[in-house]
């Protein structure tokens, strides 16, 4: 009996939506960065240090961390600030933010540089990095998983995807840790903020997250039904990522224990800030229409947030499936509008969109 061949999966080469879109829609990721800042406390450096952000995206959160690290350097010291992400990343938006670091502390000489490469490859010379960090980035897989088959329901696809991606995610994380182990100096630090599966649904966040995704896919199904999207338009757009449980993260650390030791670790629930803003705005309101208006504003924000991640994968797949490139942006905007309406309609706008995170500081042995 001939064993069925498994075709190699393509590398993940798509970054977040460009033109500063990710920066403008990364409020939750920024809160995760702020929750991570205690791990940077009490770090000491010499007069010449190198800091690296693995998966910097468009730089909004990265700049805040780099400012924090620069502030902890001795006066009149120098620092190399390295920003790494995929070659497709919108580095122009990041570059526009660089002057904010220089103006932040003029007593230090800073050398910012950009390295466009997957962090599943070597990024820095051996033993040259003092402190590195990866914020909301290590859940991205090295390769793109197979698309949904025509025989699968979306629910079946997600169940299989989660199981299949678990092994790939573990392998990728071990590779990431081994690569960073070669680049970070003995005694250096690697600080990680990683999305994790929601532990419970006490505040409704699991349901809120599910209704947000459901609204997006129902919007696409509506466009398929009227012929504006190809029949298979939803099959290959799910981003190639897999969130780590604390147990799976610790398993990867255990596999690289000759290199890494956990110094500090904790978990937090990170809500999307738009939910709390909506609740504050609705306090004391008796006007039902005004309450609905704030729900629509919340829906607009969280749909834009998820689309800042999904957009490159959606448009790339749609074009691959035969959608005209010139029509693609127009259809995407229509899909966005429909998803916002659907999120309110399915009562998602009455629930929080939130994500559990694990925060870890590792010491290079």
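The values are calculated or read from the model by the stated rules, or taken from the named source; none is laboratory data. The model shown is predicted, which means the values in this text are computed figures rather than measured ones. Glycine gets a Cβ as well: all are built from the backbone with ideal geometry, and neighbour counts include every protein chain shown.
A few remarks follow.
- Scan of region 189-204 for residues that are under 18 Å from the mean Cα position of the chain (by Cα) and under 12 Å from residue 360 (Cα atoms), ordered by number: 190, 191, 192, 193, 194, 195
- Count of region 246-259 residues, restricted to those that are part of a loop (DSSP other than H, G, I, E, B) and in contact with a helix residue (DSSP H, G or I) (Cβ under 9 Å, 6 or more places away or on another chain), is 3.
- Residue check for residue 294: in contact with a helix residue (DSSP H, G or I) (Cβ under 9 Å, 6 or more places away or on another chain) and under 27 Å from residue 231 (Cβ atoms): no
- Unmet requirement for residue 140, which otherwise passes all of (1) at pLDDT 90 or above; (2) within 24 Å of residue 310 (Cα to Cα); (3) more than 16 Å from the chain's Cα centre (by Cα): (3)
- Among the numbered conditions (1) in contact (Cβ under 8 Å) with a residue 60 or more places away in the chain; (2) buried (at least 22 other Cβ atoms within 10 Å of the Cβ), the only one that residue 172 does not meet is (1).
- Test: residue in region 147-163 that is surrounded by 15 or more Cβ atoms within 10 Å (Cβ to Cβ) and touching a strand residue (DSSP E or B) at 6+ places or on another chain (Cβ under 8 Å): no
- Residue in region 312-326 that is surrounded by the most Cβ atoms within 10 Å (Cβ to Cβ), counting only those that are assigned to a helix (DSSP H, G or I) and without any contact (Cβ under 8 Å) to a residue 12 or more places away in the chain: 319
- Among the residues of region 1-50, the ones that are at pLDDT 60 or above and part of a loop (DSSP other than H, G, I, E, B) come to 15 in all.
- Residue selected from region 186-202 under the condition surrounded by fewer than 16 Cβ atoms within 10 Å (Cβ to Cβ) and in contact with a strand residue (DSSP E or B) (Cβ under 7 Å, 6 or more places away or on another chain), by the criterion nearest to residue 313 (Cα to Cα): 197
- Once region 214-241 is narrowed to residues that are closer than 22 Å to residue 144 by Cβ, touching a residue at least 60 places away in the same chain (Cβ under 8 Å) and part of a helix (DSSP H, G or I), the residue that is farthest from the chain's Cα centre (by Cα) is 220.
- Residue selected from region 345-365 under the condition in a loop (DSSP other than H, G, I, E, B) and touching a helix residue (DSSP H, G or I) at 6+ places or on another chain (Cβ under 8 Å), by the criterion farthest from residue 272 (Cα to Cα): 346
- Selection status of residue 199, modelled with pLDDT under 95 and closer than 28 Å to residue 56 by Cα: yes
- Set side by side, the residues 263, 329 differ, and just one is in contact with a strand residue (DSSP E or B) (Cβ under 7 Å, 6 or more places away or on another chain) and loosely packed, with under 14 Cβ neighbours inside 10 Å, which is 263.
- When each of 180, 205, 211 is tested for being within 23 Å of residue 148 (Cβ to Cβ) and crowded, with 19+ Cβ neighbours inside 10 Å, the lone residue that passes is 211.
- Filtered residue count, region 260-307, keeping only those that are assigned to a strand (DSSP E or B) and either without any contact (Cβ under 8 Å) to a residue 12 or more places away in the chain or within 23 Å of the chain's Cα centre (by Cα) (or both): 9
- Contact map, region 114-131: first residue in contact (Cβ under 8 Å) with a residue 12 or more places away in the chain and on the phi > 0 side of the Ramachandran plot, second residue surrounded by 13 or more Cβ atoms within 10 Å (Cβ to Cβ) and not in a loop (DSSP other than H, G, I, E, B), Cβ cut-off under 6 Å, separation 6 or more or different chains; pairs are 127/185.
- Test: residue in region 91-113 that is under 24 Å from residue 264 (Cβ atoms), part of a helix (DSSP H, G or I), modelled with pLDDT of 90 or more and under 17 Å from the mean Cα position of the chain (by Cα): no
- Qualifying residue in region 196-207 (condition: part of a strand (DSSP E or B), closer than 22 Å to residue 154 by Cα and in contact with a helix residue (DSSP H, G or I) (Cβ under 7 Å, 6 or more places away or on another chain)): yes
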